[in-house]
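Working notes for the structure below.
The values are calculated or read from the model by the stated rules, or taken from the named source; none is laboratory data. This is a predicted model, so every value here is computed, not measured. Cβ coordinates were reconstructed from backbone atoms using ideal geometry, including for glycine residues, and neighbour counts include every protein chain displayed. Calculation scope for accessible area: heavy atoms of the full protein, side chains included, ligands and nucleic acids excluded. Shrake-Rupley method; radii C 1.70, N 1.55, O 1.52, S 1.80 Å.
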Amino acid sequence: MLAWIEQRTGLVSALKAALTEDIPGGASYWYVFGSVTLILLTMQIVTGIFLTFYYAPSSVTAWESTRFIYEHVTFGQFMISLHDWGASAMIILVTLHLLQVLVFGAYKRPREIQWVVGVTLFFFTLILGFTGYLLPWDLNAYYATQVGINIAATVPVIGPQIASFLNDGSTLGTLTVGRFFGIHVWMTPALLVGLVGLHLFIFRHNGPAGPAQDEKPKTVGYFYPEQIFMDSIIAFTAFLVIVGLAIFMPTPLLPKADPNFGGFIPAPAWYFYSLYGILRLAPAGVLTLVATVVLPGVFSLVLLLLPWIDRNPSRAIAKRPFMMGVTALTIITIVGLSMYSAKAIDAERKASPAGLTPVAGLGAMPATPSPSPGASAAAGPDGSAVYGTNCASCHGASGQGLAGAFPALAGNPAVTGDAGGVIGIVANGLHGQIKVNGQTFNGAMPSWHGKLTDAQIAAVITYIRTSWGNKASPVTEAQVKGHK
Amino acid sequence: MSEDPTAPQAPKDPEEMGRRRFMAQATVAIGGFVSLGLAIPLVTALVPRPELLNANKGWSPLSPDEFNALKASIDKPVKIHFTKKNVVDGYLVSDNDYYVWGIHMNADEERQFREQRPDLFDPASRGDVSFDVGVLGFVVFSSVCPHLQCKFDWDDGLKAFLCPCHGSQFSKLGVHMKKPDGSYIGPAPRGLDPVPFRTQDGMAEVEWVKYFANVPYRMIVSYS
């Protein structure tokens, strides 16, 4: 059978050739990172393709379709979380791979081009992370991407053009979603897969670099089955960790992006925390530009051109104290900046938690009423939809309110208190100055009696009493009727 | 490469061979486990949930003007529009416009209807037609052809419903018409499909249903 296939295709000998690879000095767990990255990339492609079955890139469907995946697709939340944690895992593995090559001096002659392709792949991975982050179109996706694009806009000379290209216009909107979608699911993956092929081709041309020493190792090991076994052990471990995280810490989906939402504190993906850290630490003015654009730009360039910058011909670690020192210092700086950012973001979010209660995923309230297509006909009006149409423009998409004018509904005792009180306010309106939680508000609340049906009023009150951390009893249509 | 890649690798002692066989098999086993672990949720996820298939059940009021036209019509079917509110389509909700064909029957036609459409009255062949057909002298037909769900139209010359896609013809009472030689005109597998109809507080209402296409029996597959 194998001979039959071999004779007609040459696939068997090709596979044999692919598996037969001398490894100088023998197989090692140090060499697994590249293969594991490749396996994770495959997993990202598979889960990503799955998500495109449901996801629809436009500002009116991006968040809705994402929420649909969470709520009405079997294993939908699991798949989204797998894709999200898989992205993080890929960044980690790519970084480990890069560090291993760096420490082992494997970027030196004759592997300079191999290194350049590899660093490009690293940048592509970051582009995938950045563009994928916007797609759920929740508050965090929107504001974090806004910050990212605005930083890109400060690049000298071409900044405005970059921002205009990313936005596809002047503001973050439906065209941006389409553009990021195209970059995330088509352009970058296509280029990435091509470059991975190139990376592997050059790898086979030069062969594995082997241990960090200048003498040729006396022994050789085999890629198959020794190295591939170690690769699969680590890939399997990574898979189990990602699955565990996807099950026990599912990716949260925040309320839908709302350009009028004040006070929301966005956080970039953790792998951009170090960049965010320099942005925060840098003083205003010209130095901001240095921090956000010049420093990362120079760093990227140095990384890319490292084989020509580091002229030390030796690969032995002991003979490269300067390079090792710079590497260690860079790692410490990046980790330090990231930790600083994590702490700062965490503290700020604790102080101003508006909009941070997820509607799905980790931390979501089970009590949050979700529009179920099956139940909608029988269950009457959808409180969340009534709220979005009539109330969110003043009280905010997440009930955060507007300082001085419209009180927050999240954590508002008038909302969560006696049902009669809140029914009265919604049905009859409220005028004049009021005080909520020690703050004064002057905005006018219209009377909704006659504009909304009793069922809609009941639904929206139930919604605000059970959302954003509020946990009060639902209100029925009969209660609203009885109130008048 | 230092050796011919297709040549067998250097023979080892039995213990070494066993070790290598274990590593090869473990690699395949791990690969299989990971692939299955991904494939099972992936494939399961692509199966639509029943809650989505059964969404959108409910009555909608017919256009009052067009229903009044039907009351006045004695010889022709009348196209009657209606709007179905809050139709759930995946993650989208919208108000959709539909139309049905109303037939106003006289006493004679009501008798003919019972005779000519046993498929709507015989308990053995009614399928999902679990509602009364021909209520108050009215029959309401779905506007989609039972063949492949094209929209058919009333042809005044033929005095028949004619489907533009494959030429099936149906009488005013929805009977799939035959040529003089006894063969059916067009490929439709059954006569026209009725939809539930009622009057509620003076309003004529229908429940939009879609039946499984191109089979002789009637099975409801969707309400939108």
Which of the following residues is modelled with pLDDT of 90 or more, under 20 Å from B:Trp154 (Cα atoms) and not polar (S, T, N, Q): B:Phe121, B:Phe113, B:Phe131? B:Phe113
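Suppose we filter the stretch A:336-355 for residues that are among the aliphatic types (A, V, I, L, M), open to solvent by 70 Å² or more (accessible area, probe 1.4 Å) and at pLDDT 95 or above; how many remain?
If we filter the stretch A:336-355 for residues that are among the aliphatic types (A, V, I, L, M), which is where we start, we get A:337, A:339, A:342, A:344-345, A:347, A:351, A:354.
From what's left, open to solvent by 70 Å² or more (accessible area, probe 1.4 Å): A:339, A:351.
So of that shortlist, the ones also at pLDDT 95 or above come out as A:339.
Going through the stretch A:336-355 one residue at a time, the tally reaches 1.
Condition check ((1) open to solvent by 10 Å² or more (accessible area, probe 1.4 Å); (2) farther than 30 Å from A:Ile309 by Cβ; (3) more than 21 Å from the chain's Cα centre (by Cα); (4) not hydrophobic (A, V, I, L, M, F, W, C)) across all residues:
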position: A:Leu40; (1), (2), (3), (4): no, no, no, no
position: A:His83; (1), (2), (3), (4): yes, yes, no, yes
position: A:Val101; (1), (2), (3), (4): yes, no, yes, no
position: A:Lys108; (1), (2), (3), (4): yes, no, yes, yes
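Show me the helices (runs of 4 or more DSSP H) entirely contained within the stretch B:31-142 in which 3 or more residues are surrounded by 13 or more Cβ atoms within 10 Å (Cβ to Cβ) and charged (D, E, K, R). Steps first, answer last, please.
Working: elements: B:50-53, B:64-72, B:107-116.
Counting at least 3 such residues, we get B:107-116.
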For A:Ser473, state whether it is hydroxyl-bearing (Ser, Thr, Tyr) and surrounded by 13 or more Cβ atoms within 10 Å (Cβ to Cβ). no
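Here is a yes/no grid of residues against (1) at pLDDT 80 or above; (2) within 14 Å of chain B (Cβ to nearest Cβ); (3) crowded, with 17+ Cβ neighbours inside 10 Å:
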{"site": "A:Ala360", "(1), (2), (3)": "yes, yes, yes"}
{"site": "A:Met365", "(1), (2), (3)": "no, no, no"}
{"site": "A:Asn390", "(1), (2), (3)": "yes, no, yes"}
{"site": "A:Ala397", "(1), (2), (3)": "no, no, yes"}
{"site": "A:Ala410", "(1), (2), (3)": "yes, no, yes"}
{"site": "A:Val415", "(1), (2), (3)": "yes, no, yes"}
{"site": "A:Asp418", "(1), (2), (3)": "yes, no, no"}
{"site": "A:Val426", "(1), (2), (3)": "yes, no, yes"}
{"site": "A:His431", "(1), (2), (3)": "no, no, no"}
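How do the helices (runs of 4 or more DSSP H) wholly within the stretch A:44-160 filter down when requiring 1 or more residues that are modelled with pLDDT under 95 and away from chain B (no Cβ under 14 Å): which remain?
Details: elements: A:62-72, A:76-103, A:112-134, A:139-153.
The qualifying helices (runs of 4 or more DSSP H) are A:139-153.
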Those residues of the stretch A:182-197 which are open to solvent by less than 40 Å² (accessible area, probe 1.4 Å) and more than 13 Å from A:Leu121 (Cα to Cα), in sequence order: A:Gly182, A:Ile183, A:His184
Residues located in the stretch A:308-324, provided they are touching a residue at least 60 places away in the same chain (Cβ under 8 Å), open to solvent by 20 Å² or more (accessible area, probe 1.4 Å) and under 14 Å from A:Arg109 (Cβ atoms): A:Trp308, A:Asp310, A:Pro313, A:Arg315
Output for the stretch A:200-212, where each listed residue is more than 10 Å from chain B (Cβ to nearest Cβ) and either assigned to a loop (DSSP other than H, G, I, E, B) or β-branched (Val, Ile, Thr) (or both): A:Ile202, A:Pro208, A:Ala209, A:Gly210, A:Pro211, A:Ala212
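Looking only at helices (runs of 4 or more DSSP H) that lie completely in the stretch A:213-322, which have at least 2 residues being within 14 Å of another protein chain (Cβ to nearest Cβ) and out of contact with any Gly (no Cβ under 9 Å at 6 or more places or on another chain)?
On the way: elements: A:228-248, A:273-281, A:286-289, A:295-304, A:306-309.
Answer list for the stretch A:213-322: A:228-248.
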Count, please, the residues in the stretch B:175-206 that happen to be surrounded by 14 or more Cβ atoms within 10 Å (Cβ to Cβ) and in a loop (DSSP other than H, G, I, E, B). 13
